[in-house]
Amino acid sequence: MPRRPIQHPHGRKPGPPRSNEKAAGVGCGWDPVAAWYDKLVGEAGSDYHRNLIVPAALRLLDAQPGESVIDVCCGQGVLVRPLLDVGVGRFTGVDASPRLLTAAQSRHGNDPRVVWVRADVCKTGAWADASHDAAACLMAVHDVVDVAALFSNIARALKSGGRAVFVLLHPCFRIPRTTHWGWDGDQKIQYRRIDGYHTPLEIPITIHPGKNTGELTVFHHRPLAELLTALGHGGLSVVACEELYSHRRSQASGPFSKAEHRAAEEIPVFIALKAVRG
């Protein structure tokens, strides 16, 4: 589908990184921020991975013993252990970052069921070989430049009738620099303020803002309709959706804490989509 021009928040166009900035997501994926991301996520995943993202992915993926599963943008391999525990026959992890793949191999490299592939997931490669029963792509849809190519390649990696699961920040409620929490003192409610949604955005994210080391990632916001249409054009049909709500709760008491809890129960953090290849 034709894409509208990508804009920067507040009307600024995204320019090339300054000389001291290393933007992730180009060429070698998240290599420039691999050490930070590996420390954040580790083998079992971050707090959100353990409590929301991975459980939802496993639930929707419904991997069966003996199946072949491919994890696209696998990072350091948070899905490996849960899927091996289910009894999958083959796990293939694909990522562009050599450093993240090295971290993954150091944890799981000796298992004969596990294969690691370095590849740009937006380019068709040998990994997209129609041999997999299921595919996962966790927290990466908003990191890739060409989401239509990503979806098409994942479809190509699947057998006919194969299923794919995507988990991403909810594009309606969680857009960096564009959505915020607010407090209505009169009504005693915490609300989510949405300053923009329709326009696709490229949003640079500084990894260590206090250290001034210059590492960047780029968050690609796309409205939900564009994502769903790109899935369809890529050969995938959405058959299930879950919206994931924060498990975190304040330990304080009082009206603000009560409102915070209600907002956490009402406004999702992530969205999980299950699709099948026709």
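The values are calculated or read from the model by the stated rules, or taken from the named source; none is laboratory data. It should be emphasised that the depicted structure is a prediction, and the values quoted were computed from it without experimental measurement. Note that each Cβ is placed from the backbone with ideal geometry, even for glycine, and that neighbours are counted across all protein chains shown.
Points to keep in mind about this one:
- Boolean, Tyr245 is touching a Cys at 6+ places or on another chain (Cβ under 7 Å), surrounded by fewer than 18 Cβ atoms within 10 Å (Cβ to Cβ) and modelled with pLDDT of 95 or more: no
- For the stretch 104-116, taking the residues that are of a type in the set (A, V, I, L, M) and surrounded by fewer than 23 Cβ atoms within 10 Å (Cβ to Cβ), the one that is nearest to Arg59 (Cα to Cα) is identified as Val114.
- Val121 vs. criteria in contact with a Phe, Trp or Tyr (Cβ under 8 Å, 6 or more places away or on another chain) and either surrounded by 24 or more Cβ atoms within 10 Å (Cβ to Cβ) or at pLDDT 95 or above (or both): no
- Members of the stretch 221-270 that are in a loop (DSSP other than H, G, I, E, B) and among the basic types (Lys, Arg): Arg222, Arg248, Arg249
- Scope the stretch 148-193; condition in contact with an Asp or Glu (Cβ under 8 Å, 6 or more places away or on another chain), over 30 Å from Glu265 (Cβ atoms), buried (at least 23 other Cβ atoms within 10 Å of the Cβ) and not small (Gly, Ala, Ser); matching residues: Leu158
- If you filter the stretch 80-101 down to residues that are in contact with a Lys or Arg (Cβ under 9 Å, 6 or more places away or on another chain) and not in a helix (DSSP H, G or I), you find that the one that is surrounded by the most Cβ atoms within 10 Å (Cβ to Cβ) is Asp95.
- Scan the stretch 136-154 for residues that are more than 13 Å from the chain's Cα centre (by Cα) and within 25 Å of Gly87 (Cβ to Cβ) and the total you get is 1.
- Inclusion of Ile205 among residues that are in contact (Cβ under 8 Å) with a residue 40 or more places away in the chain, more than 25 Å from Ala240 (Cβ to Cβ) and either of a type in the set (Asp, Glu) or surrounded by 14 or more Cβ atoms within 10 Å (Cβ to Cβ) (or both) is not warranted.
- A residue that is hydroxyl-bearing (Ser, Thr, Tyr), in a helix (DSSP H, G or I) and modelled with pLDDT of 50 or more occurs somewhere in the stretch 31-53.
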